[in-house]
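J.: Quick one: this structure, given as structure tokens, is what I'll be asking you about.
The values are calculated or read from the model by the stated rules, or taken from the named source; none is laboratory data. In this text, all values refer to a predicted model and were calculated from it rather than measured experimentally. Cβ atoms come from the backbone with ideal geometry, glycine included; neighbour counts cover every protein chain shown.
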Amino acid sequence: MTAWIEMIDDETARGRLKELLDKARTPHGTVDTVMRVHSLRPETMNGHVTLYRSVLHSKDNTLPFWFLEVIASYTSIINDCTYSLTHHFMNVRNLIKDQPRSDRIFLALKAHRPEDEFEGKELELLRYAGKLTANVGKMIKSDFEALKIAGCSDGEILEVNQVCAYFNYSNRLLNGLGATTDGDIIGFYTGDE
């Protein structure tokens, strides 16, 4: 694990930090750099892991997890955050379980042309996430109305809004502290989900 900021390892961690590192462990039993960069201020790690899990891994979400990971990946592409893109597009691949389709989605997102692989409400949700990331100050009511016309429920819009907003936060955290994926186990899902 590497970043520009000092990070406290498991062997040195004590008290509240040790407790929160244990809370932040992935299904692989490790603590990724995205959480460990908080080790000098453990309560920010606590808030971060709680927000992350509530936004992306909630059982209350109705959109498919693979699609929420696509939103995470597109947001990270727009923000040029290699760390998040590496982790979360691996999740897309593991959840879709269709390498050619995953490759096509990746190329469409990298080209900023989600319309090459998506249509209907998925396409509108990707466009919404794109504008929310790149031009947040230019959001207008018709952006929301386009989602409704495409058949999105308010709950689905909120899910995408929160995933996009979370990744805008996380991308800035990671890029601003020079975090790398060195030493991380890439991807949350193992492919058995």
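J.: Criterion first (assigned to a helix (DSSP H, G or I), among the acidic types (Asp, Glu) and in contact with a helix residue (DSSP H, G or I) (Cβ under 9 Å, 6 or more places away or on another chain)) does GLU145 satisfy it?
T.: No.
J.: Please go through region 87-129 and give me each residue that is part of a helix (DSSP H, G or I) and among the basic types (Lys, Arg), ordered by number.
T.: Hits for region 87-129 are ARG93, ARG101, ARG104, LYS110, LYS121, ARG127.
J.: Write out, first by first residue and then by second, each pair whose Cβ atoms fall under 7 Å of each other, whose residues are 6+ apart or on separate chains, and whose first residue, in region 95-108, is surrounded by 13 or more Cβ atoms within 10 Å (Cβ to Cβ) while the second is assigned to a loop (DSSP other than H, G, I, E, B).
T.: If the second residue must be assigned to a loop (DSSP other than H, G, I, E, B), the pairs left are LEU95/TYR189; LEU95/GLU193; ARG104/GLU117; ILE105/GLU117; ALA108/GLU117.
J.: Which condition number does LEU132 fail, the rest of (1) under 15 Å from ILE77 (Cβ atoms); (2) outside any helix (DSSP H, G or I) being met?
T.: Every listed condition holds for LEU132 apart from (2).
J.: Ok, one more. Go through region 18-45 and report how many residues are surrounded by fewer than 19 Cβ atoms within 10 Å (Cβ to Cβ) and under 17 Å from the mean Cα position of the chain (by Cα).
T.: Count: 3.
J.: Right, another one. Could you say which residue among PHE67, PHE106 is more than 26 Å from ALA24 (Cα to Cα), modelled with pLDDT of 95 or more and in contact with a helix residue (DSSP H, G or I) (Cβ under 9 Å, 6 or more places away or on another chain)?
T.: Going through PHE67, PHE106 in turn, the sole match is PHE106.
J.: Out of region 67-86, which residues are in a helix (DSSP H, G or I), buried (at least 19 other Cβ atoms within 10 Å of the Cβ) and out of contact with any Ser or Thr (no Cβ under 7 Å at 6 or more places or on another chain)?
T.: Hits for region 67-86 are PHE67, LEU68, GLU69, VAL70, ILE71, SER73, TYR74, ILE77.
J.: Same structure again: Quick one: which residue in THR26, THR44, THR86 is more than 30 Å from SER153 (Cα to Cα) and touching a residue at least 60 places away in the same chain (Cβ under 8 Å)?
T.: One residue alone meets the criteria, THR26.
J.: On to the next question. Just give me the residues in region 70-83 being of a type outside the set (Ser, Thr, Tyr) and either touching a helix residue (DSSP H, G or I) at 6+ places or on another chain (Cβ under 7 Å) or free of Cβ contacts under 8 Å to residues at least 40 places away in the same chain (or both), in sequence order.
T.: Answer for region 70-83, where residues must be of a type outside the set (Ser, Thr, Tyr) and either touching a helix residue (DSSP H, G or I) at 6+ places or on another chain (Cβ under 7 Å) or free of Cβ contacts under 8 Å to residues at least 40 places away in the same chain (or both): VAL70, ILE71, ALA72, ILE77, ILE78, ASN79, CYS81.
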